[in-house]
Amino acid sequence: MISSKVFIGDGSTKVFPIDFEILGENYVQIWIDDIPINDKTKYDIINNSIVFNDDNIPAIDVKIIITVATTAQEIADLNAPPSGIDIVSDNIDNVNTVAIDIASVKTNSDNIDSIKTNATSIADINTVATDINSVKTNSDNIDSIKTNATNIDNINTNATNIANINTNASNIDSINTNATNIDSIKTVSDDLNLTDSNTKIVATNIDNVNIVGENITDVETFAKVYQNAHAEDIDVRTDGSALQVGDLYFNTTIKKMKAYDGTTWQLASSAVNGMLKKLTFTGDGTTTTFTITDGYDANYAEVYLNGTNVTADVDISDGQNIVFSTAPADGDEILGVFFGSFVLADCYTKAEADTTFVNVNDYEDSDVATKVQNVIGTLVKLGADEIVKQDGSWIINQISSFVLFDGADGTIILAHNISSVTRNDVGRYDIALENDMKDTNYAVFGSASKQSSEGAVRVAGYDYDTMSVSKFSVNVEIDNNSTDLDVDRVFICTIGGR
């Protein structure tokens with residue numbers, strides 16, 4: 001005998017259990033609103049249930065009829081939907097009428113809660129069936145229902161699914177909510193198709209997004225510290241909590257960043273561009289407050305009235321205004337001088353410098369010392385072959401070599417990291433390094449001690465193409481005509497290359 005089972009789609013359920021055995025896919029025929037589903041790839045048979053694919057889930061309110069043959073001979077009869085089920089569908093209003101009168105049936109049993117709990121119990125269902133004659137009086141179409149009584153097995157099976165139907169009914173609000181979100185989903189879908197969509201912009205910059213994610217703690221910390229932009233100092237954070245030391249905000253009045261020091265707001269940097277700015281005003285006999293464009297560093301100002309310093313008599317504490325206690329007279333000239341605040345970097349005192357460095361003038365060859373002093377300053381001492389601090393370390397790592405030699409023949413008088421000086425021609429010398437430089441990124445400079453009747457002389461490089469890590473070349477020439485010249489003394493120094 002061919003068995004059938006009827007379901008009503010809710011748009012989301014994809015699994016429909018069958019209470020009778022399914023012998024194989026050829027023993028099953030599915031109808032959706034009386035249209036046979038012949039494409040068996042749209043569903044699978046799993047654990048004696050029909051499981052629709054995600055793309056073929058029955059829609060809301062469609063009628064699903066599943067017919068199952070119990071023998072091979074009945075397979076051919078699966079091609080037509082069972083007429084009895086059609087009758088049930090066609091008379092669904094009558095069934096609903098019966099459902100409306102279920103309250104009458106309920107009054108026939110004091111144990112209605114037990115009946116509901118044990119809805120799957122066939123004995124209870126049969127007890128309800130004995131009252132069918134009473135139900136029959138409530139429907140003009142009871143004969144049709146009676147005709148369908150032969151399908152009581154299917155009705156009983158449907159009764160076992162009443163809990164699922166009730167559950168689906170309770171989820172109707174969720175379904176409606178999903179329906180209202182369809183426009184939002186469509187908006188996202190449309191956004192994905194736009195070339196300049198926000199979604200694609202995020203995808204293109206996903207590396208930056210990941211970097212932000214990896215540093216989210218720092219981002220959140222700064223979000224707490226920065227209090228946005230305000231026209232004046234604030235008393236609490238933007239979230240209403242107490243200010244913390246280090247909090248920042250941008251003052252839109254003076255267009256400067258301010259930082260909280262635990263007591264007051266201070267400029268995070270100088271309001272003065274550079275070291276000094278001046279502004280002038282003219283008194284009108286009534287104005288006492290003169291506003292400074294872009295502000296200034298509070299208390300870092302001097303105020304002059306007609307040339308007289310009156311700073312002590314005015315208020316310069318807010319960093320935005322000069323406030324007189326008495327208005328300057330009409331025509332009075334007011335000059336404001338504003339200083340950029342700064343903090344001196346750590347440096348040696350004279351006493352510390354005297355104990356740390358040895359003065360070059362302590363050496364006997366004062367003539368040589370003077371020449372070297374003019375080139376490399378007073379923070380070095382002159383030894384036999386080195387420039388060092390008193391503790392033995394290098395003073396300036398960039399001074400990689402120097403040499404003082406006789407310009408007539410190249411004889412070395414004093415040198416560090418120079419092995420030889422060779423005079424090739426008038427005023428031209430090749431200088432070899434004792435220790436090779438690390439690279440050729442070093443500079444060569446020097447001075448010469450002789451004056452020419454044609455003007456001053458200078459030291460210049462004459463063959464930069466042959467400059468290497470082990471040697472370089474220089475020449476001495478007259479400054480105004482570049483004529484090579486031998487001089488008494490030549491001092492050469494190199495920087496870098498170490």
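Just so it is clear, none of the values below were taken in a lab; they were calculated from the coordinates. Just so we're clear, the structure is a prediction, and the values are computed from it rather than from any experiment. In this analysis, Cβ positions are derived from the backbone assuming ideal geometry, glycine residues included, and neighbour counts consider all displayed protein chains.
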Amide H to amide H under 5 Å from TYR43: which residues, 5+ apart in sequence or cross-chain, H placed 1.01 Å off N in plane?
ASN53
So for R0 = 45 Å, FRET eff. of ALA59-ASN208 from the Cβ-Cβ r, to 0.05, ends up at 0.55
Extension gain (nm, one decimal) between PHE445 and ASP465, 0.36 nm per residue minus Cα-Cα
5.5 nm
Using a 7 Å offset from the Cα along the Cα-to-Cβ direction at both ASP173 and TYR226, what is the distance between the two label points in nm, to one decimal?
4.2
Under a point spin-label approximation (7 Å from Cα along Cα-to-Cβ), what is the ASP484-LEU279 distance to one decimal in nm?
6.4
On a C-alpha basis, how far is the centre of segment 2-70 from the centre of segment 477-498 in Å? Whole number, if you could?
102
Contour minus end-to-end for ALA432 and VAL236, with contour as 0.36 nm per residue of separation and end-to-end as the Cα-Cα distance?
63.6 nm
Where labels lie 7 Å past Cα in the beta-carbon direction, separation of ARG498 and ILE2 in nm
10.2
Rh (Kirkwood; distinct C-alpha pairs) - segment 226-267, Å
10.0
Compute the FRET efficiency between GLU74 and SER12 as 1/(1 + (r/R0)^6), taking r as their Cβ-Cβ distance and R0 = 35 Å, and round to the nearest 0.05.
0.60
Using a Förster distance of 30 Å, how high is the FRET efficiency between THR187 and ASP19, based on the Cβ-Cβ distance and rounded to 0.05?
0.10
